[in-house]
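Please read the structure below before turning to the comments.
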Amino acid sequence: MFKSYRDLEVWKSGMSLAKSIYQVTKSFPDEEKFGLVSQMRRAAISIPSNLAEGHARSSTADFQRFISIALGLAAELETQVLLSFELGYLQEEQQKSLLSHLSEMGRMLRGLHKSLSKHLR
């Protein structure tokens, strides 16, 4: 098992994704500062934050619940990335990179959730 959430590759990937979201949203229009930019940044940082919080909980079932929340946030962020591209705020290469990262995050989150299920049996 792992001693800290910081040992989790999925947490590290979530931190990297959050940094990428912060970087790409810097160029969004000013009128999106309190709209799409805020929503995307909040969702992005909430993914690794939920992993950290879930790891700190006292049970495996609690941790799994927080992983599920992180999966939902990844889907939310994916939707926001797609909309950002449709609105012309992201270039195609940025969109592809973010969607690829989100897809990998989803795979890792589902894998962690499944591996924790073995501890509940």
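Read the figures in this text as sums done on the coordinates, not as results from a lab. From a predicted model like this one, the values you see are computed outputs, not experimental measurements. In this analysis, Cβ positions are derived from the backbone assuming ideal geometry, glycine residues included, and neighbour counts consider all displayed protein chains.
Mind checking region 6-62 for trypsin sites (Lys or Arg not before Pro) that DSSP puts in a loop (not H, G, I, E or B) and that have at most 11 other Cβ atoms within 10 Å?
Here the trypsin sites (Lys or Arg not before Pro) that fit, given the DSSP loop and packing criteria, are K26, K33.
Of all chymotrypsin sites (Phe, Trp or Tyr not before Pro) in region 23-101, which ones are in loop regions per DSSP and have a Cβ with at most 14 other Cβ atoms within 10 Å?
Passing both the DSSP loop test and the Cβ count: F34.
For a test of understanding, tell me how many lysine pairs in the chain have Cα atoms under 25 Å apart, given they are 8 or more places apart or on different chains.
12
State, to one decimal in nm, how far the label point of K118 lies from the label point of S27, with both points 7 Å from Cα in the Cβ direction.
4.3 nm
Could you give the length gained by full extension between R6 and K19, i.e. 0.36 nm per residue of separation minus their alpha carbon distance, to one decimal place?
3.1 nm
So what is the calculated 222 nm ellipticity per residue for the chain, using -39500 (n - 2.57) for each DSSP H run with n of 4 or more, over all residues, to the nearest 500 deg cm²/dmol?
-26500 deg cm²/dmol
Contour minus end-to-end for E93 and D62, with contour as 0.36 nm per residue of separation and end-to-end as the Cα-Cα distance?
Gain on stretching E93 to D62: 7.5 nm.
Relative to the longest principal axis of the chain, what angle (0 to 90°, nearest 10) does the C-alpha long axis of helix 60-86 take?
It works out to around 10 degrees.
By count of other Cβ within 10 Å, fewest leading, how are D7, D30, D62 ordered?
So the residues, fewest neighbours to most, are D30, D7, D62.
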